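Inspection log for the structure reproduced underneath, given as structure tokens.
The values are calculated or read from the model by the stated rules, or taken from the named source; none is laboratory data. All of these numbers come straight from a predicted model, not from anything done at the bench. Positions of Cβ are backbone-derived with ideal geometry, glycine not excepted, and every protein chain shown enters the neighbour counts.
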Amino acid sequence: MSSIKENIISILSRAFGYDPDESTHHFLVNIPRGATQEIVISEHLTWDSENGSSEVTPTSRLDGQIRVILPRPKWDAIADQARSEFNLRLKKIGRKFGSWRVGHNLIRRELGKELVLLAWSIEDADPGLVTNALANWKGLFPEERWWLYTQTAAATGHGIDDRGKGWRKALRFALTENPISGRPPDQVIVPEFFRLISEKNNINIDHTLKNQE
């Protein structure tokens, strides 16, 4: 068996619920060796059984596009809690637990969207506000995280070119400054959640909200 094939099998064995036979759409978290290297999270639409994920690209191509780049200290601040959250969800649906390792880490698409959402909220935030972002992220239902990811990705989803712009900037303010945890379990805050942050950042989302109703 080739070393490439062995590596793919190893990566799949510790993936966060990703099964290429179920869907080729997934996210890739690249954790380089070394405490000062940045973590790159990319979104992939295709998978090759011989070579694995499609090539990561800094361009506007959707397949393999970089969604976010995080400094190592910020990644370290969220990695354990994100892992615990995802593995709890995977346990509920009978999937094998995942783990973060140096190198490529695969994550099923819905969990990948949630991870990127959290990363977007802290990429330019004061490190002291990461705890707030985590608490607020946990206070969102998974469906709300997916909705927020979809809207933000459509408007300002490029990991490099769209950093600190529009909905990405609004998302940072919302998750780091506005407490949303502790609400009643039947209280839905999305899309009202985004209406709040749009007002702070002068983002016109009325058309988007109408389309979601």
When the residues of segment 48-71 are narrowed to those that are in a strand (DSSP E or B) and in contact with a helix residue (DSSP H, G or I) (Cβ under 8 Å, 6 or more places away or on another chain), which ends up farthest from Ile107 (Cα to Cα)?
Leu70
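Give me the residue from segment 50-87 that is aliphatic (A, V, I, L, M) and under 12 Å from the mean Cα position of the chain (by Cα) and, out of that set, surrounded by the most Cβ atoms within 10 Å (Cβ to Cβ).
Quick first cut of segment 50-87, residues aliphatic (A, V, I, L, M) only: 56, 62, 66, 68-70, 77-79, 82.
When the remaining residues are screened for being under 12 Å from the mean Cα position of the chain (by Cα), the result is 66, 68-70, 78-79, 82.
Numbers: Ile66: 20, Val68: 27, Ile69: 18, Leu70: 22, Ile78: 22, Ala79: 17, Ala82: 22.
Here the answer is Val68.
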Which number in (1) without any contact (Cβ under 8 Å) to a residue 12 or more places away in the chain; (2) assigned to a loop (DSSP other than H, G, I, E, B); (3) among the acidic types (Asp, Glu) marks the one condition that Asp76 misses?
(2)
What number of residues in segment 1-47 are modelled with pLDDT under 95 and touching a helix residue (DSSP H, G or I) at 6+ places or on another chain (Cβ under 7 Å)?
2
Taking the residues in segment 94-123 that are in a helix (DSSP H, G or I) and not hydrophobic (A, V, I, L, M, F, W, C) as candidates, determine which candidate is farthest from Tyr18 (Cα to Cα).
Ser121
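Go through the residues of segment 36-44 one by one and say whether even a single one is out of contact with any Lys or Arg (no Cβ under 8 Å at 6 or more places or on another chain), crowded, with 18+ Cβ neighbours inside 10 Å and of a type in the set (S, T, N, Q).
No: zero hits.
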